[in-house]
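Here, each number is a calculation from the coordinates, and none is a lab measurement. Note that the structure is a prediction, hence the values are computed from the model and not measured. All Cβ positions, glycine included, derive from the backbone under ideal geometry; neighbour counts span all protein chains shown.
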Amino acid sequence: MLGIDWNFAGCGCGVPQGKDVEVGMRGLLVKDFRFALQNKKMMVMLVVIEAVFLVMQGAGSASFVMGYMMMGCGMLVLATITTDEYNKSMAFLMTLPVRRADYALEKYVFSFLCNLVGFFLAVVPYCVLRPDRVADTLYLAVVIMAVMLMLQMVMLPAQLKYGGERGRMVLLGVFAGGVLMFTWGRKVWERALAGSEGLQEFAARMAEGIKGLDAAVAGIGAVLLCIVCFVISLSVSRRIMEKKEF
């Protein structure tokens, strides 16, 4: 199927247990990485765009390029789900030594690894370009990676639930609704601030407290938030897979 050597040891029907599950998980990762390698044009395009921004804007393009690279690499995960569902291939996958819950977990593992690849592709050139600001570059990259991972933790359950086209439409609706809610909330907050001196003082103290946070504390907070989002998102994805019919 899809020209990929699956290499699943002990493949067969029934409920997988023990080492069969480990082999199945490894096999799914191998399948997805081989799929990613078949998308060489996309990876080349990402690297070319990074090179163009490096030449034209130098270190000033760091935040955009890092976000673009990690998002581009992360989108490969959604593409693998669409490919798995193509021509009812998912029904075949579920006969292999891997549980539905482990299929969902593998997508999260693959998502993290893809983002890690994007992280290194984006960070290394900027560390070489500005060796005096390696710590700042790494801090920015970690924050962007945390944001990208949290976005994908929203995308993965929607993709598993609704599939390719419908999943993208649902995500567009969610993000559009989020933008509208943010815009509306900002206006309400600004009006509330304008009418209350006490609220203005509270907001100023909060802003000073956030600025005074140590980078390590902020990093630990970002990691903890990612872990919480991961647990919730994985739980939702596993339930979706358990109830899904092929």
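Which peptide among 25-37, 110-122, 223-235 comes first, and what is the full order, when sorted by highest mean count of other Cβ atoms within 10 Å?
Numbers: 25-37: 18.2, 110-122: 20.1, 223-235: 14.0.
Highest to lowest by the protection proxy: 110-122, 25-37, 223-235.
Subtracting the Cα-Cα distance from 0.36 nm times the residue separation, let me have the gained length for Leu29 to Ala91 in nm, one decimal.
Values: separation 62, 0.36 × 62 = 22.32 nm, distance 1.77 nm.
Contour length minus the Cα-Cα distance gives 20.6 nm.
Which of Lys40/Lys107; Lys88/Lys243; Lys40/Lys244; Lys107/Lys243; Lys41/Lys243; Lys41/Lys244 have a Cα-Cα distance over 24 Å? Mind dumping the intermediate values first?
Numbers: Lys40/Lys107 20 Å; Lys88/Lys243 16 Å; Lys40/Lys244 32 Å; Lys107/Lys243 17 Å; Lys41/Lys243 36 Å; Lys41/Lys244 33 Å.
In this structure, Lys40/Lys244; Lys41/Lys243; Lys41/Lys244 lie more than 24 Å apart at Cα.
How far is it, in nm, from the label point at Thr82 to the one at Ala51 when both lie 7 Å from their Cα along the line to the Cβ?
According to this spin-label approximation, the distance is 2.6 nm.
With label points built 7 Å along Cα→Cβ from the Cα atoms of Val44 and Ser235, find their separation and express it in nm.
Placing both labels 7 Å beyond Cα along the Cβ direction yields 4.5 nm.
List the residues of the stretch 93-115 whose backbone N lies under 12 Å from a point placed 7 Å from the Cα of Glu242 along the Cα-to-Cβ direction.
Zone members listed by number: 100-102.
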